[in-house]
1. Just for the stretch 129-174: of the residues that are without any contact (Cβ under 8 Å) to a residue 12 or more places away in the chain and not in a helix (DSSP H, G or I), which one is surrounded by the fewest Cβ atoms within 10 Å (Cβ to Cβ)?
2. If you scan the stretch 175-202, which residues turn out to be open to solvent by 20 Å² or more (accessible area, probe 1.4 Å), modelled with pLDDT of 90 or more and either touching an Asp or Glu at 6+ places or on another chain (Cβ under 9 Å) or not in a helix (DSSP H, G or I) (or both)?
3. Does at least one position in the stretch 100-115 carry a residue that is part of a loop (DSSP other than H, G, I, E, B), among the hydroxyl-bearing types (Ser, Thr, Tyr) and within 30 Å of GLY151 (Cα to Cα)?
4. Here are the criteria: (1) more than 22 Å from GLN88 (Cα to Cα); (2) among the hydrophobic types (A, V, I, L, M, F, W, C); (3) open to solvent by 60 Å² or more (accessible area, probe 1.4 Å). Tell me which single one LEU120 does not satisfy.
5. What about MET24, is it at negative phi, open to solvent by 50 Å² or more (accessible area, probe 1.4 Å), free of Cβ contacts under 8 Å to residues at least 40 places away in the same chain and of a type in the set (A, V, I, L, M)?
6. Which residue is farthest from GLN160 (Cα to Cα), if the candidates are limited to the stretch 60-82 and must be touching a residue at least 12 places away in the same chain (Cβ under 8 Å) and among the β-branched types (Val, Ile, Thr)?
7. Residues in the stretch 39-85 that are part of a loop (DSSP other than H, G, I, E, B), under 27 Å from LEU169 (Cβ atoms) and open to solvent by less than 40 Å² (accessible area, probe 1.4 Å): how many?
8. Out of all the residues in the stretch 114-129, is one or more under 12 Å from the mean Cα position of the chain (by Cα) and of a type in the set (Phe, Trp, Tyr)?
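The values are calculated or read from the model by the stated rules, or taken from the named source; none is laboratory data. If you're wondering where the values come from, they're calculated on a predicted model, not measured in any experiment. All Cβ positions, glycine included, derive from the backbone under ideal geometry; neighbour counts span all protein chains shown. Side chains are part of the model used for accessible areas, which takes the heavy atoms of the whole protein and leaves out ligands, DNA and RNA. Shrake-Rupley method; radii C 1.70, N 1.55, O 1.52, S 1.80 Å.
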Amino acid sequence: MDKTVLSKIKHPPATLRDMVQERMREAIIEGHFKPGDRLVERPLCEQLGVSRTVIRETIRYLEAEGLVEILPGRGPIVANMNWEDARQIYEIRRMLETAAARTCAAQITPERAQSLQAALTHLKQGFSDKTPGALFRATADFYSEIFEGAGHHVAWDIVQRLNGRISRLRMLTLATSDRAKPGPSHMQAICDAITSGDADAAQAAVHAHLNDTAMIAERVLAEEEST
């Protein structure tokens, strides 16, 4: 890990550790740090301009998210992603997201419909800009509206704990051009179904989106494992 890919934080706010976690998370998700790369404290401290304590805390946090592994005798590395782990993540997402979409649609309000539409507009801008970090944050905001509208706060906490690995999978699928349906179209279908109050259509739209992305992820991960 000898390339400088992280910019130094010049004006540390009160949430310094959160900023470092976000920078390192995005560097892993966007592929600047590859699976298996060692995360060495000294260069990370120099690149970010923070102490070893902050780096160690960040690494422990990213380990809890499943983005980092600690190997005996080698230290922290970027965790590998395999299809079995990915399959389980998609199954969890399918259960939680379909339930949230159904409930949000069933109790949709004009105010929630407006905020969900606004989140979708922001998400589409993220797709257009092709800035991974901004896109992932906009996607999280879109789903946050759905879970909040459903009142599924515990389920959203679970999704957030998986968010790092979900974003890594999203990065894999975004890079492909053979999707059955473009990502923004899937999001539009989900939004339209929820805002119209159609719970069945909302569930079907989430299923279609996750089935599409899971199929791509399985193929891409199989190709990576075979090389």
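1. Selected residue: LYS130.
2. ASP192, SER196, GLY197, ASP198, ALA201, listed by residue number.
3. Yes, the stretch 100-115 has at least one match.
4. (3)
5. Details: at negative phi: yes; open to solvent by 50 Å² or more (accessible area, probe 1.4 Å): no; free of Cβ contacts under 8 Å to residues at least 40 places away in the same chain: yes; of a type in the set (A, V, I, L, M): yes.
Against the criterion (at negative phi, open to solvent by 50 Å² or more (accessible area, probe 1.4 Å), free of Cβ contacts under 8 Å to residues at least 40 places away in the same chain and of a type in the set (A, V, I, L, M)), MET24 does not qualify.
6. My answer is ILE77.
7. Residues in the stretch 39-85 being part of a loop (DSSP other than H, G, I, E, B), under 27 Å from LEU169 (Cβ atoms) and open to solvent by less than 40 Å² (accessible area, probe 1.4 Å): 6 in total.
8. The answer is no, given that none of the residues of the stretch 114-129 is under 12 Å from the mean Cα position of the chain (by Cα) and of a type in the set (Phe, Trp, Tyr).
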